[in-house]
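Let me begin by presenting the structure, written as structure tokens, before commenting on it.
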Amino acid sequence: MKINRLYFEDFGILRNQAMEGIAGSPVVIAGPNRAGKTTIATALRYLAYGFPRQGAGLPSFVTQHRVEADVETADSFSYNISLKGHGSPDIRPLGRNNSRDLPQLYGEIDAFTYRQVFSISLDELKQVPEGLADRELENLQVLLLGGGWSDILRLEQIRAGLEKEYNVIGGKHGKIHVKQFGPYGGKVSEGQDELQEARKELESFYRQKDRLIEINNNMPCLVNDKKVLQNKVDRLEVIKEHFQHYRRMQELEKGLSQHEHQQLLENFPANAEQRAAELYREYEEAQAALEKAKKDLTLAAGFTNDREALQIALLNSGAKLDEFQLKLSGWRERITALKRGRAENSGEKKQLEEAISELNANWQLTELAQLEVDRVNESELQSQVEAYQEKEGEADSLRRELGQLKLRLEQAQKIKGLQSRSSEGVLKQVMLLTAADLVMTLAISLLITPSVAMVMGLVGGMAVYIYYQQRSGAINQQLREIKDTKNETAELEKQCELLNDRISAIEQDINLIGDALMEIRQKLGLPDSVAYHYLPDFCYRLRDLKRSYGRWQERGNNLIKEERALFEILTEIVSTLDSLGLDTGDKELISNGNYILDLADRANYYLRLARQVEEAKSKKVEQEQRLHRLLEQDPLGDADKNVEERLENFLERAQRCQVLQQEQLDYRNILNTLTTMLGTTRGKNLFTEGDTDIITAFGHSLNEFISHRQAAEAYEEAVEALQQVDAEYLRTTKEQTSLENEIQRLASDEKFRTARQKIDMAKGGLEPLAEKYAVLRLAELMTTKLKGRLMEDSQGSIFQGAGEIFRRVTGGDYDTILPPEDLKSLDFRAAMARSGEHLGVGALSRATREQLFLAVRLSRIQEIKPPLPVIFDDSFVNFDPVHCSKVVRMIVELSNTHQVFVLTCHPQLIDKLMVEAAAPQFWALEQGRLSGPYHDSAAIKSALQ
């Protein structure tokens, strides 16, 4: 299969670049570094499989990766392959309608195989290409070793797996105490140790049984001693704990039995002291509150003698003052608004007066209401003024035109007079000259001779004639001009007459409109000096001013109403305040309104203080009544004494009664405690004496001791004796229990059975593992021998092709390639021709190592069918010229069966290809732009300069 066309629409540096007519053997793409060669190689690697989403080092794109190719199979079928983004290749048949999917085009070769075998860069010539995962490394081993060696590799994997599995079970030598054998071997050893221990315990059984018999014989005496001592300790403990209580109960009983005390306990009210103290405290608080309220009112109002009168007046006016208090804030706002409205009204009046003064200095503000400006139609007035101005303009224009015509008429008349006088002067001159000539002729004839006179006369006549002829043309012209001037004058006179008529008509219209405007001016009360063209604006301003005046009057009326309402309110407030004796001042009410309202607010404060006084007074009376009711409950109280003395005596008796009540309570508590304690079964057993009362019996026992200390000492002695007996009893009981348990344990054969069972179970678990271990070791041994046999049978045929290529490339320095000793690695061995020494990959130079892996890949390329395009991306940069020439020769041979792409930036390699190849095709690549194809290398060397 071969590629006939490549199109890079959007792939890294390549944008809309095409390679049409790809047909070289090989195809050489040359360009400097970073021109896009690796980008083309990347596109060729993934052309048949699609671009991966990550980890492939793909170039950038503008919208998405887009690459196309036209390919041709060995049976001459053509297809178009299109790649877009990371999607799968889109295959479309070209020419004949045949359908063939992509894996068939590439002969079922997967992407990994094609990328690692057919696409050769410096990375693929390393022992382990960069970026390979463990699974991919295993696949690469199978690819490079070939089909037969995949079986050997599989056998090695099986052997390694068997070795790993039996090592997990029993290690390398199968000892009983290691790996999975370990737990079972340990159990066998433990079972044997436990069996020996069971034999020793049987001897101890008989010794401990004799000791248990001895303890059981002594136990009844020890229990009886412990019981007697425990009973004594319990009696002494109760006596010690309640000794003081019993003595206190006796003292209380003696005091409470007195007659006076009995009377107080039976007749005096309960909780009397606390109730009396509380009531007296509340009474004093009420008294203090009353005095404080009176003082607060006196200080606030500034009165000293008439506080009560003020208080009464305030309480009587309370409803009014409460009503005032609710409305004070609103009234303040209304007074403020009224004052502000007055100021604004005054300002507006001043503005209105200034505005009307601008219109007419003689007008007063009150005259605005009398003006009939509302009866004037503004639009009609505007039309009349405009018509008046238009007529005035037209009349002025006609007057100017008439003036110009009159001026022209005067000029024409002047010209006419001058022309007439000019023609008459010429005739007069001719006649005078003729007369002068006759006179001269007569004079000469008289003075000289007639002939001379005749001659001079003729000469003079001829001169006059010539002069007349010269002047006659001008005279005729003047006559014509005179005639024209007459006609023009007549025409001008006619036009002046027409203009006079038009002006008269317009003046009549002006007078009519002027009369109407004069009437309007009179309605507006304007002087005659106001020009008509000011009337519309004047009318508009006057009407707006009149409206403002109307609004001002309305607001003024509202202010007057508000002022009257506030006056009534303030009058009522002043009346109330005067009744309280508060000074409201003698100023005008509205101007003094805030002061009056503040005074009303203060009066309300006085009212609150007066009500507090009244409330405190009521509370004091109430507390006095409650206190009297309590004191009346004292049967020994003296009603003639004052409250303080009665209360003092009452409190003394209450305290004495309270002490007696507490003593009575203590007596009952002690009695109840003793009765409860001694009434139990334990108490009865400790202190019962025949038919005697239990409390009395307890007293008899307690009276054996003269003090609490004596009873405590007796108790400590009994406790010490009991502790000694308890310790002996406890030690003996523990020993007894221990011996019983130990004898019971030793009497059983459980340990013998358990030890035997542990040994049997360990053997049962060990036998399957041992059997499995043996099977695995045997299988591992058989696999090793089978792998060795296969390696001997297959080694020569598998590496023969790769060894031959390696021998040609190295010039016979190495004659074959041997497989790795460790099939899990790619550490091929190279056999030196002269010494026969086998060198691993690590012992070879970099160039020789790359030549070895190149030989392996070329061998695999020749074995894989069908022949697919091969890509060399600057793979020979580390080869010297001699070895490079040999590799080029082999590439040219390979191009006879495969389509070969060589991407390079080295001119020397291009020269060698030009020499060795019969029909190479060259393409130049500069900064992502392709040009070609060329059949001469000279055309692309310029791209490498």
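The values are calculated or read from the model by the stated rules, or taken from the named source; none is laboratory data. Just so it is clear, the model here is predicted, and its values are computed rather than measured. Every residue, glycine as well, gets a Cβ built from its backbone with ideal geometry; the counts of neighbours run over all protein chains shown.
Filter segment 36-74 down to the residues that are of a type in the set (Val, Ile, Thr) and either in a loop (DSSP other than H, G, I, E, B) or more than 20 Å from residue 117 (Cβ to Cβ) (or both), then identify the one that is modelled with the lowest pLDDT. Steps first, answer last, please.
Initial filter on segment 36-74 (of a type in the set (Val, Ile, Thr)): 38-40, 42, 62-63, 67, 71, 73.
Those left that are additionally either in a loop (DSSP other than H, G, I, E, B) or more than 20 Å from residue 117 (Cβ to Cβ) (or both): 39, 62-63, 67, 73.
On the way: 39: 91, 62: 88, 63: 89, 67: 94, 73: 84.
That would be 73.
For residue 585, only one of the following conditions fails: (1) in a helix (DSSP H, G or I); (2) exposed (fewer than 14 other Cβ atoms within 10 Å of the Cβ); (3) in contact with a Phe, Trp or Tyr (Cβ under 8 Å, 6 or more places away or on another chain). What is its number?
All conditions pass for residue 585, except number (1).
Being at pLDDT 80 or above, assigned by TED's automatic domain parsing to the domain that holds residue 734 and among the aliphatic types (A, V, I, L, M) is true for just one of 256, 229. Which residue is that? If you could, list the steps in order and put the result at the bottom.
Working: 256 fails: at pLDDT 80 or above.
Of 256, 229, the one residue that is at pLDDT 80 or above, assigned by TED's automatic domain parsing to the domain that holds residue 734 and among the aliphatic types (A, V, I, L, M) is 229.
Across segment 762-781, what is the number of residues that are in contact with a helix residue (DSSP H, G or I) (Cβ under 7 Å, 6 or more places away or on another chain) and either surrounded by 17 or more Cβ atoms within 10 Å (Cβ to Cβ) or closer than 20 Å to residue 162 by Cβ (or both)?
9
Pick from 270, 300: which is hydrophobic (A, V, I, L, M, F, W, C), in a loop (DSSP other than H, G, I, E, B) and at pLDDT below 75? Show your work before the answer.
Values: 300 fails: in a loop (DSSP other than H, G, I, E, B).
Only one candidate passes the filter, namely 270.
Within segment 866-886, is there a residue that is crowded, with 22+ Cβ neighbours inside 10 Å, touching a strand residue (DSSP E or B) at 6+ places or on another chain (Cβ under 9 Å), at pLDDT below 90 and among the acidic types (Asp, Glu)?
yes
Of the residues 482, 513, 506, which is surrounded by 17 or more Cβ atoms within 10 Å (Cβ to Cβ), assigned by TED's automatic domain parsing to the domain that holds residue 435 and at pLDDT 75 or above? Before the answer, list the steps.
Numbers: 482 fails: at pLDDT 75 or above; 513 fails: at pLDDT 75 or above.
Within the list 482, 513, 506, the selection yields 506.
Only one residue in 16, 33 is outside any loop (DSSP other than H, G, I, E, B) and out of contact with any Leu (no Cβ under 9 Å at 6 or more places or on another chain), so which one is that? Steps first, please.
Values: 33 fails: outside any loop (DSSP other than H, G, I, E, B).
Within the list 16, 33, the selection yields 16.
For segment 756-795, which residues satisfy the criterion of being at pLDDT 75 or above and β-branched (Val, Ile, Thr)?
Result: 775, single match.
What number goes with the only condition from (1) part of a loop (DSSP other than H, G, I, E, B); (2) modelled with pLDDT under 70; (3) touching a Leu at 6+ places or on another chain (Cβ under 8 Å) that residue 107 does not pass?
Going through (1) part of a loop (DSSP other than H, G, I, E, B); (2) modelled with pLDDT under 70; (3) touching a Leu at 6+ places or on another chain (Cβ under 8 Å) one by one, residue 107 breaks only (2).
What pairs come out if I take residues in segment 846-873 that are assigned to a loop (DSSP other than H, G, I, E, B) and pair them with residues that are surrounded by fewer than 23 Cβ atoms within 10 Å (Cβ to Cβ) and polar (S, T, N, Q) whose C-beta lies under 6 Å away, six or more apart or interchain?
If the second residue must be surrounded by fewer than 23 Cβ atoms within 10 Å (Cβ to Cβ) and polar (S, T, N, Q), the pairs left are 867/897.
Within the set of pairs 6 or more residues apart or between chains, which connect a residue that is in contact (Cβ under 8 Å) with a residue 12 or more places away in the chain inside segment 245-257 to a residue that is of a type in the set (Ser, Thr, Tyr) and surrounded by 13 or more Cβ atoms within 10 Å (Cβ to Cβ) with Cβ atoms less than 7 Å apart?
245/673; 249/667; 252/667; 253/667; 256/667
Quick test of your reading of the structure: residue 566 fulfils all but one of (1) in a helix (DSSP H, G or I); (2) outside the structural domain of residue 387 (by TED's automatic domain parsing); (3) aliphatic (A, V, I, L, M); (4) modelled with pLDDT under 75. Name the failing condition by number.
Only one criterion is unmet by residue 566, namely (4).
Quick one: which of 442, 409 is modelled with pLDDT of 75 or more, more than 60 Å from the chain's Cα centre (by Cα) and surrounded by 13 or more Cβ atoms within 10 Å (Cβ to Cβ)? Break it down into steps so the answer makes sense when it comes.
Numbers: 409 fails: modelled with pLDDT of 75 or more.
Matching residue, one of 442, 409: 442.
Is there any pair linking a residue in segment 544-556 that is more than 21 Å from residue 337 (Cα to Cα) to one that is at pLDDT below 75 and of a type in the set (Val, Ile, Thr), with Cβ under 7 Å and at least six apart or on different chains, and which?
Every condition considered, the pairs that remain are 545/356; 546/373.
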